[in-house]
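Heads up, the thing below is written out as structure tokens.
The values are calculated or read from the model by the stated rules, or taken from the named source; none is laboratory data. Because the structure is a prediction, the values reported are computed rather than measured. Methodologically, a virtual Cβ is constructed for each residue, glycine included, from the backbone with ideal geometry; neighbour enumeration extends over all protein chains shown. Accessible surface areas use protein heavy atoms only, side chains included; no ligands, DNA or RNA. Shrake-Rupley method; radii C 1.70, N 1.55, O 1.52, S 1.80 Å.
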Amino acid sequence: MWERSLVLSAPGKVILHGEHAVVHGKVRSLLPPVEGLRSGSPAPDAASALRTRSDFDESKSPSVEQLHTLKEFAGIAAGASAPESLATLAFLYMCLAISAKYGWTEEELTLINSWAFQGERVIHGNPSGVDNAVGTWGMYVGKEVSLVTSRVPMLRILLTNTKVPRSTKVLVAGVKEKILKFPAIMNPVLDSIDAISQECQSVLEAMPANPSPEYYPVLEELFDINQHHLNVIGVGHPSLDMLCRVTASHGLHSKLTGAGGGGCGITLLRPGLEAEGYDATKRDLCACGFECWETNIGAPGVTLHSSSSLNAEVLHALSES
């Protein structure tokens, strides 16, 4: 039974606009955290267990060269490259490193962010730093991390997983190849994606905390334009086209989020639309073999919780982990 009194959680994230364009030097991307989908962990016992190993110094952070020991501890094969194995390795590495000198406190967000970035390096090699920034601080705008979630309206979305696997590295390389081959065609498209991000930010900043439906037509049109652009640069997929057609049949607007080539898409849910309409949309998407979650975007970053504040379902999940 889990007996720890503290729990850490961090939000998931979606990309409203700016995917791929920001990789190629554009200045603006919008990455809000997802309120209803957070990952959490009890304050880990892994660090204390690992420190019983003779090859770890309790007062020092582990070196990257000691990853082989962490793999052995976690039962990960030496040449394993699966995302699940690398994520476990990154988690153990950060737990051990941070516990050497520091505690897990809310005041150490900068430290948490820097170590989360090291975890991204373990998994991805050369990450942008975006994912760890959103998970730590709660909002990412442009190339600056910003604690502005209180000023960003809470938008209701449908997050849909097409269940089509894809490689971000391959997709990014494909976009780069197109840019090199057709620079006069592709660069204006990237400029337009950047302009969409800036326009969306302006609209969001003008919206109240609980926006009425009148604000949504512009956001929906920006979704449509950006989705077309993402298809042009080569990161669309038939599954994402199907997602957009299904939601459009219910009067809703969608776009891919992230690398594309499958993966996930997001759909704006306007306030005032009957719940039956959302339910019908989800049924049709699930009939395509997709998986859907209705949730909000706009949430705090990494958060320290007391176990007394957690509901029974979360506590049960932690006790089973």
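Of note:
- Just so you know, in segment 180-204 the residues that are more than 16 Å from Ala21 (Cα to Cα) and modelled with pLDDT under 95 include one that is surrounded by the fewest Cβ atoms within 10 Å (Cβ to Cβ), and it is Ser202.
- Among residues of segment 151-185, those that are in contact (Cβ under 8 Å) with a residue 24 or more places away in the chain, over 23 Å from Gln201 (Cα atoms) and in a helix (DSSP H, G or I), counted: 9
- Just one of the listed residues (Lys71, Lys101) is over 20 Å from Val130 (Cα atoms) and at pLDDT 70 or above, namely Lys71.
- Qualifying residue in segment 231-254 (condition: open to solvent by less than 60 Å² (accessible area, probe 1.4 Å), over 26 Å from Leu285 (Cβ atoms) and of a type outside the set (Ser, Thr, Tyr)): no
- Filter pass, Leu269 being touching a strand residue (DSSP E or B) at 6+ places or on another chain (Cβ under 8 Å), at pLDDT 95 or above and open to solvent by less than 20 Å² (accessible area, probe 1.4 Å): no
- Taking the conditions (1) surrounded by fewer than 19 Cβ atoms within 10 Å (Cβ to Cβ); (2) more than 11 Å from Thr160 (Cβ to Cβ); (3) modelled with pLDDT under 95 in turn, Glu294 satisfies each one other than (2).
- Subset of segment 155-198 [among the acidic types (Asp, Glu) and over 30 Å from Glu291 (Cα atoms)]: Glu177, Asp191
- Identity of the residue in segment 1-18, modelled with pLDDT under 75 and in a loop (DSSP other than H, G, I, E, B), that ends up surrounded by the most Cβ atoms within 10 Å (Cβ to Cβ): Trp2
- Filtered residues of segment 205-220 (kept if open to solvent by 10 Å² or more (accessible area, probe 1.4 Å), part of a helix (DSSP H, G or I) and in contact (Cβ under 8 Å) with a residue 12 or more places away in the chain): Glu205, Pro213, Tyr215, Val218, Glu220
- Here Lys176 clears all of (1) surrounded by fewer than 17 Cβ atoms within 10 Å (Cβ to Cβ); (2) at pLDDT below 90 except the condition numbered (2).
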